[in-house]
1. Spin-label point model (7 Å from Cα, Cβ direction): what's the residue 17 to residue 32 distance in nm?
2. Relative to the longest principal Cα axis of the chain, at what angle does helix 12-21 sit, 0 to 90 degrees, rounded to 10?
3. Can you give the local net charge around residue 95? Use residues other than it whose beta-carbon is closer than 11 angstrom to its beta-carbon, Lys and Arg +1, Asp and Glu -1.
4. Share of the chain's accessible area from carbon and sulfur, percent, 1.4 Å?
5. What accessible area per residue, rounded to a whole number of Å², is obtained for the chain using a probe radius of 1.4 Å?
6. What residues have an amide H closer than 5 Å to that of residue 66, excluding those fewer than 5 places away on the same chain, when H is modeled at 1.01 Å from N in the peptide plane?
7. For the stretch 130-135, just list the computed ³J(HN,Hα) in residue order, Karplus coefficients 6.51, -1.76 and 1.60, θ = phi - 60°, integers in Hz, with x standing in for Gly and Pro.
8. Using θ = phi - 60° and the Karplus curve 6.51 cos²θ - 1.76 cosθ + 1.60, what whole-Hz ³J(HN,Hα) does each residue of the stretch 31-40 get, with Gly and Pro shown as x?
Amino acid sequence: MRIIRRLTPADAAELTALRVANRAYLSRWEPDADDPERWYRVDGVEAWITDGNERLAIVEHGAIAGMVSLTGIELGAMRSAMISYFVDEARSGRGLAGRAVEALVQHGFRQLGLHRIEAGTAVANTPSHRVLEKNRFTRVGLLRRHLLLNGVWTDHYLWELIDTDVGSTESGKND
């Protein structure tokens, strides 16, 4: 059974309801924004899922259980993107995020022809570190005071996964 599927504008209400229900859980890791309420309004979520990035629903038993994204996609000589994800608090710890990241990584390498996928995690976000480690990401550095979270400049780890780390290269897309 597929763990991820592309989000469409028709999913905005369901995804918004999930985000509203998980607001306290998610707010620890979400960056400060000029309009923080946009992530909790249907119009804001619809704009988010149609912004041109790879935005996919994490699905469990036919319901949206979270979201996984590839953003900042660069082709040409870079062939890279950033991955991010969240899962409903009630469903966390069951491997959904890990399976969704694995599926999107394969999509990024095989269908999009990416060479590198990066991630950033707040130093205190241990569950996210485990998701990346299980997917063979390598922690490559510390970004000091990298992102403003709840009014505090927060250190983040930088992670990377190269296509050859998971054997996903295709002829002509390798170094």
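The values are calculated or read from the model by the stated rules, or taken from the named source; none is laboratory data. Remember, predicted model here, so these are calculated numbers, not experimental data. Every residue, glycine among them, receives a Cβ derived from its backbone with ideal geometry; neighbour counts consider all protein chains shown. What goes into the accessible areas is simple: the full protein's heavy atoms, side chains included, and nothing from ligands, DNA or RNA. Shrake-Rupley method; radii C 1.70, N 1.55, O 1.52, S 1.80 Å.
1. It is 3.3 nm.
2. It works out to around 70 degrees.
3. Net local charge, residue 95 excluded: +3.
4. Working: 4680 of 9310 Å².
Here carbon and sulfur together make up 50 percent of the probe-accessible area.
5. On a per-residue basis, the chain sits at 53 Å².
6. Sorted by chain and number, the residues that satisfy this are 58, 88.
7. Karplus-based 3J(HN,Hα) across the stretch 130-135 equals 4, 4, 5, 4, 5, 9 Hz.
8. Ordered by residue, 3J(HN,Hα) equals x, 4, 9, 4, 10, x, 6, 4, 6, 10 Hz.
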